[in-house]
Structures are given as C-alpha cells and as structure tokens.
Amino acid sequence: MRLELKDIKDGGLIKELTCTSSDFPVLVEMEQQDEVRFTQPIEFHLRLQKSGQLVEVEGSLQTSMELVCGRCLQRYARELSADFAFTYTPLVTDKQDVPEEDSEIELGADELGLVFYRDECLDLFQPLQDQLVMALPIRPICMGDCKGLCSKCGCNLNTHTCDCVRKPFNNKFTALAELDINVSED
C-alpha cells in the first residue's frame, strides 16, 4: 500500500482501496483472540491533496463485522464506518533537528495527526491500520439495554430468567435514607 508523491497532481488524487482483515497484523491478532471477525472486505475511500511538502489525507472506511458483547458474551453483527484525516510530512533527516533519544518532545495539537514519509513515497499501511483500530468500539455491547449474564448461575438474562437471588447494589449512602433528621427552627 504505497503511493508515490508524483502521483498526486494539482487537483489531488482520489484513491479507493479494498482490503481484508488479513492485510493488517493487528486485526489478524484480534481475530485470533476472538475479539472481532470481519465478515466483509474493508473499503477505504481516500482523497489526497498536496500542499508543498505536506500531503493532507481525508478518508472514510466501511466494513461489516461480528463482535462479542461485553455483557452477555453473545456474537452480534455490526456495520462499521468512520471518517478520518491525517497529514503526511517529510521525515527530518538533518542530524541537528533530530532530538536525542532520551530527551522529551512536546507535541502541539497540530502535530498529533502527522505521519512521516521519506523518499517521496507514502506508505498507507500503518495510518490506515491505525484508523481502523481507532474506529472499533472499545466496549462492544449488542444492544443498549443488554441485561448481561447472571452473576450467580451465568445464564443470559436477555433470553432466560433465573431464580437466583440478587443482592441489592451496595450503595454507601443507603444508610442515610433511614436517618431521621429533625430540623428545629429557633
């Protein structure tokens, strides 16, 4: 997934890529750990615009996947789509501008979306993988009102009911509800 800088003309470049999860090592690892399973190819729609030595990328991704619900542990299908933007900038090779390994660098807000390139070649692989991973839900939930599993017997409370006695939530302030406070007006 490489692109030459010379391919981006004055009007910009529209690029469409179709990938599979096996193209991205992080996604392969996630599938092996049974965190996610991609059921459709991943489609990237990119618009690249050159501004001096900077290349601005605006894009979107779309795919379908199966996730495991974090509450009831059931698989469910979900569409994934996300918009993103990042900027390529040339890698600094001048030794004076490169900080020492142990020194700290403070990044400004405008530098956080930068991706470095060298030799007039843009490598799309890592930034696209990063955007895809960032678009995945952190805590997948099959539905907003998912009841999860019974903490005693483990049955799925969305599909079954159980006879387990549930302890009320241990709220530290419930003792205050029983407190009788007499306020006297003097």
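The values are calculated or read from the model by the stated rules, or taken from the named source; none is laboratory data. Since this is a predicted model, take the numbers as computed values, not measurements. A quick note on method: Cβ atoms are made from the backbone with ideal geometry, for glycine too, and the neighbour counts reach across all protein chains shown.
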Return the total of residues in the range 1-52 being exposed (fewer than 15 other Cβ atoms within 10 Å of the Cβ), assigned to a strand (DSSP E or B) and of a type in the set (A, V, I, L, M). 1
Exactly one of these conditions fails for SER151: (1) among the polar types (S, T, N, Q); (2) under 19 Å from GLU66 (Cα atoms); (3) part of a loop (DSSP other than H, G, I, E, B). Give me its number. (2)
Is the range 110-122 home to any residue that is over 30 Å from GLN53 (Cα atoms), within 21 Å of the chain's Cα centre (by Cα) and modelled with pLDDT of 85 or more? no
Restricting attention to the range 140-176, which residues are loosely packed, with under 10 Cβ neighbours inside 10 Å and either under 15 Å from TYR76 (Cα atoms) or among the aliphatic types (A, V, I, L, M) (or both)? GLY144, ASP145, THR159, VAL165, ALA175, LEU176
Just to be sure, is ALA85 surrounded by fewer than 16 Cβ atoms within 10 Å (Cβ to Cβ) and closer than 27 Å to CYS155 by Cα? no
Considering (1) within 26 Å of PRO140 (Cα to Cα); (2) charged (D, E, K, R); (3) in a strand (DSSP E or B), say which one GLU58 fails and leave the rest. (1)
Residue count, the range 115-135 (criterion: assigned to a helix (DSSP H, G or I) and either surrounded by fewer than 15 Cβ atoms within 10 Å (Cβ to Cβ) or touching a Ser or Thr at 6+ places or on another chain (Cβ under 6 Å) (or both)): 4
Report yes if LYS152 is over 30 Å from SER22 (Cα atoms), modelled with pLDDT of 85 or more and charged (D, E, K, R), otherwise no. yes
Given (1) crowded, with 16+ Cβ neighbours inside 10 Å; (2) touching a Ser or Thr at 6+ places or on another chain (Cβ under 8 Å); (3) within 30 Å of CYS150 (Cα to Cα), identify the lone condition not met by VAL57. (3)
Got at least one residue in the range 84-97 being assigned to a strand (DSSP E or B), of a type outside the set (Val, Ile, Thr), more than 16 Å from GLN53 (Cβ to Cβ) and modelled with pLDDT of 85 or more? yes
